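Only one structure is covered here, and it is reproduced in the block below.
The values are calculated or read from the model by the stated rules, or taken from the named source; none is laboratory data. Just so we're clear, the structure is a prediction, and the values are computed from it rather than from any experiment. Backbone-built Cβ (ideal geometry, glycine too); neighbour counts: all protein chains shown. For the accessible areas, the whole protein counts, side chains as well, though only heavy atoms, and no ligand, DNA or RNA atoms are used. Shrake-Rupley method; radii C 1.70, N 1.55, O 1.52, S 1.80 Å.
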Amino acid sequence: MAGGPVVGGLNKRYNGRSTFYIYFVVILGACAGLLLGYDNGVIGGVTAMADFQLKFFEDTLYAHNHPAEYLAMNPGQGVEAAQQAQLADQEAASPYCKYDDQILQLVVSSLYLAAAATSVFAAHWARKFGRKPMLFISGVLFCVGAGLQGGAVDVGMLVAGRVVLGLGVGIASLVGPVYNAEMAPAHLRGAMNVLFQLAVTIGILAAGLINYGCEHLHPWGWRLSLALAAVPGALIALGGIVLPDSPVSYIERGHMEKAHKVLVRIRGVDNVDEEFQDIIEAARLSSQIKHPWRNLFKSQYRPQLIISLLFMLFQQFTGINAIIFYAPILFSSIGSSDTTSLINTVIIGAVNVLATLVAVFLVDRLGRKFLLIQGGVQMIIAEIVVGVTLKKEFEKASSSRLANIAAGLVSADSPLVVPDAVAIGVLVVICVFIAGFAWSWGPIGWLYPTEIQPLETRTAGASINTASNMIFTFVIGQSFVTMLCSMEWGVFLFFAGFVITMTLWTIFLLPETKGKDLENTFRTFQTHPFWSKFSRVNDIHHNELPRISEEGANPKQADAPMAEEMPNPKVINQAFLLMLTKLSKAISAWVSLGQA
Ligand code: BGC
């Protein structure tokens with residue numbers, strides 16, 4: 001979540017009551033997360049739909065995945081048809097490569113490159129022009145992008161639609177949560193951060209359900225799936241018209257009267273003086289920060305910069321979006337029907353939402369580190385199990401397929417099919433993986449990097465965080481299917497390797513932020529045996545840090561009362577380390593057993 005001037009802390013209660021505006025604002029802010037989730041979730045199901053493949057990838061994906069239908073549609077093409085049949089035959093024998101197509105991956109990933117670009121500038125624009133117009137623009141971009149995608153006549157138009165959507169995603173992912181946090185009462189502000197992630201997961205689930213419903217609508221169901229992104233887009237645009245800008249934004253741009261009027265309206269009481277004065281003070285302090293980007297690259301903030309970049313790299317290299325984007329493809333590769341693949345995606349989406357709710361309750365109780373480590377270990381186990389299971393089962397299925405072909409029991413182009421029980425087992429383990437991610441690196445990936453940014457770097461830090469999320473999402477979207485084709489089952493061990501690395505990184509190098517205010521977090525890095533090497537204290541002006549930000553930097557940080565209930569972190573670290581060592585020994589024994 002991005003940051004602007006922040007006032008109040010979790011314990012600070014200003015005058016006010018729940019108003020209609022606040023509910024509306026929360027729904028609006030949630031739409032930004034919903035859209036990101038919808039866009040993440042919808043494309044995997046759509047690319048697995050036969051009608052979509054037939055329209056845009058007939059000679060590659062459709063031919064490989066529906067060989068019999070393809071040949072029936074192209075009966076008179078002599079040599080070419082025979083070649084296609086041969087190709088389909090090869091593909092049937094190599095389930096990992098069925099969907100390996102760079103253009104297909106570009107359709108998936110182009111959105112995130114565009115989003116990275118706008119997220120870098122969005123904080124600056126929102127400050128200069130206000131949150132409201134930026135929300136309106138992002139809503140319009142969503143509607144145009146959804147229209148282009150839904151009406152696409154060729155791949156170019158499809159990619160253009162994804163790019164336009166991406167421009168909107170970059171803006172909304174940054175401005176939506178900021179607007180939300182600025183409008184919400186101070187004591188609810190911290191919750192807005194996790195709400196964003198929750199909305200992302202609900203968006204993914206909604207996309208799965210809509211794909212499931214649309215798959216039966218031939219031949220245009222995929223169009224409806226893609227075009228429905230316009231619904232939350234239109235809501236955001238409407239909000240951008242009818243809602244007022246935030247009081248902080250009005251004050252930043254010198255409209256004091258308007259700011260006061262809006263605050264009275266959203267709090268539902270006449271006396272808002274205390275909060276109003278705090279906002280003015282926070283905005284004044286924030287306006288003194290002239291060069292947040294330059295600050296972020298100064299040596300004393302290098303730990304913050306490195307952690308922000310690494311957090312999203314790690315978050316994406318858990319392989320989460322390999323699953324979110326390509327789960328339907330994965331299931332169809334192991335022989336599930338299109339409909340079953342889409343049902344499985346819905347199940348995964350539901351687990352994602354429920355496990356994120358768990359994070360909402362646990363993140364301030366158990367702390368960030370504990371959840372990151374626990375979730376990491378869970379993901380490592382799940383990925384290794386999926387990888388090794390696929391290896392073993394595909395080998396078995398392949399030899400029984402060859403035996404059946406030789407015995408004339410099945411045709412030469414019959415696909416590989418693994419037993420239903422195995423497909424269900426893979427689904428269960430993927431759900432374990434998703435749950436591990438959803439209560440750890442999912443929400444904390446957005447939360448932790450914002451908690452460590454001081455006021456001097458907060459806006460730039462938020463942009464870096466969002467942009468690096470989008471860039472690494474792009475990398476995964478653009479490469480996963482090719483990786484799957486070349487690394488086969490090993491791709492899951494590749495991701496597991498990353499999760500092992502980041503879990504160790506968390507254990508040894510990541511300071512806990514739970515319950516710490518800005519001042520404390522800052523000092524933690526200055527005195528940390530590792531991070532202090534990056535952060536030279538000589539050019540720190542930290543005593544000039546605005547005091548108001550220390551309490552209100554991130555309202556969640558003020559929530560410290562559970563600290564004593566936490567078990568000793570050293571003991572947890574040692575226990576996990578021991579577990580990891582034992583685990584890696586068990587894995588290597590298991591893998592060499594499989595190879596024997
Ligand atoms: C990630 C997204 C991912 C989602 C899954 C978010 O935290 O940034 O890339 O699709 O979680 O729930």
* Hits in the range 332-375 (condition: assigned to a helix (DSSP H, G or I), touching an Asp or Glu at 6+ places or on another chain (Cβ under 9 Å), crowded, with 20+ Cβ neighbours inside 10 Å and not charged (D, E, K, R)) -> S332, L342, F370
* Structure fact -> Per the filter on the range 365-403, residues under 25 Å from I307 (Cβ atoms) and among the acidic types (D, E) are E383
* If you check every pair at least six apart or on different chains, which have Cβ atoms under 8 Å apart with a residue in the range 45-72 that is without any contact (Cβ under 8 Å) to a residue 60 or more places away in the chain and closer than 18 Å to H216 by Cα first and a residue that is open to solvent by less than 30 Å² (accessible area, probe 1.4 Å) and aromatic (F, W, Y) second? -> Q53/Y62; Y62/Y70; E69/Y62
* **Selection within the range 510-520 - more than 19 Å from P443 (Cα to Cα) and either open to solvent by less than 50 Å² (accessible area, probe 1.4 Å) or in a loop (DSSP other than H, G, I, E, B) (or both)** => D517, L518, E519
* Picking from D245, D270, which residue would you name as being crowded, with 24+ Cβ neighbours inside 10 Å and at pLDDT below 95? -> D245
* Asked: Which residues, counting only those in the range 277-321, are in a helix (DSSP H, G or I), among the basic types (K, R) and over 25 Å from the mean Cα position of the chain (by Cα)?
  -> R284, R294
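So that you can scan it fast, the table gives a plain yes or no per residue for (1) farther than 28 Å from F474 by Cα; (2) of a type in the set (A, V, I, L, M); (3) at pLDDT 80 or above:
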site: A2; (1), (2), (3): no, yes, no
site: V7; (1), (2), (3): yes, yes, no
site: Y14; (1), (2), (3): yes, no, yes
site: G45; (1), (2), (3): no, no, yes
site: L54; (1), (2), (3): no, yes, yes
site: T60; (1), (2), (3): no, no, no
site: Y70; (1), (2), (3): yes, no, no
* Just give me the residues in the range 112-142 being assigned to a helix (DSSP H, G or I) and farther than 20 Å from M470 by Cα, in sequence order. => R127, K128, F129, R131, K132, P133, F136, V140
* To do: State whether one or more residues within the range 352-361 are among the aromatic types (F, W, Y) and within 12 Å of the ligand (Cβ to nearest atom).
  => no
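Per-residue answers, yes or no, for (1) within 24 Å of L205 (Cβ to Cβ); (2) out of contact with any Phe, Trp or Tyr (no Cβ under 9 Å at 6 or more places or on another chain):
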{"position": "A355", "(1), (2)": "yes, no"}
{"position": "V363", "(1), (2)": "yes, no"}
{"position": "K369", "(1), (2)": "no, yes"}
{"position": "G375", "(1), (2)": "yes, no"}
{"position": "Q378", "(1), (2)": "yes, no"}
{"position": "A382", "(1), (2)": "yes, no"}
{"position": "V388", "(1), (2)": "no, no"}
{"position": "S399", "(1), (2)": "no, yes"}
{"position": "L402", "(1), (2)": "no, yes"}
* Asked: In the range 117-126, is there at least one residue being out of contact with any Gly (no Cβ under 7 Å at 6 or more places or on another chain) and modelled with pLDDT of 95 or more?
  -> no
* Asked: Has the range 499-509 got at least one residue that is open to solvent by 10 Å² or more (accessible area, probe 1.4 Å) and on the phi > 0 side of the Ramachandran plot?
  -> no
* Asked: Are any residues in the range 441-460 under 12 Å from the mean Cα position of the chain (by Cα) and either closer than 17 Å to F317 by Cβ or more than 10 Å from the ligand (Cβ to nearest atom) (or both), and if so, which ones?
  -> W441, G442, I444, G445, W446
* Taking the range 376-402 as the search range and keeping residues that are among the polar types (S, T, N, Q) and touching a residue at least 12 places away in the same chain (Cβ under 8 Å), which one is surrounded by the fewest Cβ atoms within 10 Å (Cβ to Cβ)? -> S398
* Asked: Is there any pair linking a residue in the range 310-322 that is under 14 Å from C431 (Cα atoms) and within 9 Å of the ligand (Cβ to nearest atom) to one that is open to solvent by 10 Å² or more (accessible area, probe 1.4 Å) and small (G, A, S), with Cβ under 8 Å and at least six apart or on different chains, and which?
  -> none
* Asked: Only one of (1) open to solvent by 10 Å² or more (accessible area, probe 1.4 Å); (2) more than 12 Å from the ligand (Cβ to nearest atom) fails for S463. Which number is that?
  -> (1)
* Could you list all residues from the range 429-448 that are closer than 21 Å to E395 by Cβ and either open to solvent by 20 Å² or more (accessible area, probe 1.4 Å) or without any contact (Cβ under 8 Å) to a residue 40 or more places away in the chain (or both)? => V429
* Taking V410 as the residue in question, decide whether it is open to solvent by less than 40 Å² (accessible area, probe 1.4 Å) and either among the hydrophobic types (A, V, I, L, M, F, W, C) or away from the ligand (no atom under 15 Å from the Cβ) (or both). => no
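Somewhere in the range 459-481, is a residue touching a residue at least 12 places away in the same chain (Cβ under 8 Å) and more than 25 Å from V120 (Cβ to Cβ)?
Yes, the conditions are met somewhere in the range 459-481.
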* Asked: From A199, A207, which residue is crowded, with 19+ Cβ neighbours inside 10 Å, part of a helix (DSSP H, G or I), within 16 Å of the ligand (Cβ to nearest atom) and modelled with pLDDT under 95?
  -> A199
* Of the residues that make up the range 480-491, is at least one in a helix (DSSP H, G or I), within 22 Å of L372 (Cβ to Cβ), within 16 Å of the ligand (Cβ to nearest atom) and under 17 Å from the mean Cα position of the chain (by Cα)? -> no
* To do: Run A327 past the list (1) away from the ligand (no atom under 16 Å from the Cβ); (2) open to solvent by less than 10 Å² (accessible area, probe 1.4 Å) and report the number of the one that doesn't hold.
  => (1)
